[in-house]
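The next block holds one structure in the form of structure tokens; read it before the comments.
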Amino acid sequence: MQVREINLTELHLAYEIYKYSQNDITYKEYEDIIYQAVKENYKIILAIENNEPLAYAGVRVQTNLEFRKHINIDEIVIKNNLNKIDYYKELILYMNDYARMNQCSDIIINKLYNINNSEISDIKALEERYRIIKI
């Protein structure tokens with residue numbers, strides 16, 4: 001599995017995963033919003049396996065009074081019918097390295113899609129291990 005930041009020419013890959021968020025949004029709407037968000041330092045991280053996108057994180061480096069300089073993950077979306085914990089963990093490991101590279105102390109997650117009750121305890125354990133703050 002490869003986890004990496006994508007560029008705007010690969011937006012169609014990101015949209016394929018973002019559709020699993022259950023937000024009813026067309027590709028054109030998605031593209032317009034992303035182009036605006038990129039101006040505000042938004043980046044898209046994908047987990048890809050065998051050239052197929054499987055997990056999505058929309059992130060930005062931010063600074064505020066409460067968390068100082070931190071990674072803000074606006075959303076994480078994982079394709080249905082997968083072992084979501086493995087993909088979530090890969091995204092978090094990548095984000096942990098990304099935070100260190102950007103000299104950030106915390107990782108904040110705003111929205112996590114497609115997680116069921118049986119996966120919550122595993123996710124909480126990962127969040128504690130990697131100092132994730134969930135809003």
Subject >> Antiparallel content of DSSP bridges confined to region 6-135, in %, to 5 >> reply: 70 percent
Original post:
Past the 21 Å Cα-Cα mark, which pairs from K39/K89; K19/K124; K39/K124; K69/K111?
Top reply: K39/K89; K19/K124; K39/K124
Subject >> the chain, relative contact order in percent, only Cα pairs under 8 angstrom and at least six apart counted >> reply: 22 percent
Original post:
So how far apart, in nm, are the two label points at R100 and E10 if each is 7 Å from Cα heading toward Cβ?
Top reply: 2.2 nm
**OP:** Work out the length of the dipole vector of the chain about its Cα centre, built from +1 on the beta-carbon of each Lys and Arg and -1 on the beta-carbon of each Asp and Glu, and round it to the nearest 20 debye.
**Re:** 420 debye
**OP:** Would you calculate the separation in nanometres between label points at I115 and N41, each defined as 7 Å from the Cα along the Cα-to-beta-carbon direction?
**Re:** 2.4 nm
Original post:
Taking the Cα centre of region 2-134 as the origin and placing charges on Cβ (Lys, Arg +1; Asp, Glu -1), which of Q2, I44, V59 is farthest toward the positive end of the dipole?
Top reply: V59
Subject >> Correct option for Cα extents along the principal axes in Å [calculated from the coordinates] among (i) 57, 26, 20; (ii) 36, 35, 26; (iii) 55, 34, 22 >> reply: (ii)
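All of the numbers you see were taken from the coordinates with simple rules; none came from a lab. It should be emphasised that the depicted structure is a prediction, and the values quoted were computed from it without experimental measurement. A quick note on method: Cβ atoms are made from the backbone with ideal geometry, for glycine too, and the neighbour counts reach across all protein chains shown.
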